[in-house]
Amino acid sequence: CSASTNKPVLTLFTKKPCPLCDEAKEVLEPYRTKFILQEVDITLPENSAWYDKYKYDIPVFHLNGKFLMKHRVNIQKFEDRLRKLELQSQ
């Protein structure tokens, strides 16, 4: 099935420690087979642009490069966006 190779990429902008990020990852755990999680540590020098943008807002999530949500996981929004992407890739 080619759909499995076309999983959407969920980017989590985070830093250590980040209890909200840990909580968000737990909430997303049941969906782990539907996306690829990519974590971006905004405190790394190469990510300074993201740090400037999101230092007061993490966790921030982008889905396939587009802003999705911040602070808390909105499961409804996440599911809707995933469903749209699945339909587009068919």
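The values are calculated or read from the model by the stated rules, or taken from the named source; none is laboratory data. What you see is a predicted model; the values in this text were computed from it and never measured. FYI the Cβ positions are ideal-geometry reconstructions off the backbone, even for glycines, and counts take in every protein chain you see. In case anyone asks, the SASA skips ligands and DNA or RNA and just uses the protein heavy atoms, side chains included. Shrake-Rupley method; radii C 1.70, N 1.55, O 1.52, S 1.80 Å.
Angle of helix 75-89 to the longest C-alpha principal axis of the chain, folded into 0 to 90 degrees and rounded to 10: 50°. Remark: the chain projects, on average over all directions, an area of 5.9 nm² (convex hull of Cα atoms). Filter the trypsin sites (Lys or Arg not before Pro) in region 34-90 down to the DSSP loop ones having no more than 16 other Cβ atoms within 10 Å, then list what survives. Taking region 34-90 and a limit of 16 other Cβ atoms within 10 Å, the loop trypsin sites (Lys or Arg not before Pro) found are K55, R72.
Remark: accessible surface ordering of Y54, Y31 (largest first) is Y31, Y54, probe radius 1.4 Å. Pairs spanning more than 24 Å between alpha-carbon atoms, out of K34/K55; K7/K53; K25/K84; K16/K84: K34/K55; K7/K53; K16/K84. Computed with a 1.4 Å probe over protein heavy atoms only, the accessible surface of the chain comes to 66 Å² per residue.
At 1.4 Å probe size, with the rest of the protein present, what percent of the exposed accessible area of the chain is carbon and sulfur atoms? Carbon and sulfur atoms account for 52 percent of the accessible area of the chain. Across region 18-34, coupling constants 3J(HN,Hα) worked out from phi with the 6.51/-1.76/1.60 Karplus curve, θ = phi - 60°, read 8, x, 5, 5, 4, 5, 4, 5, 5, 5, 7, 3, x, 9, 3, 7, 9 Hz, and Gly and Pro carry x.
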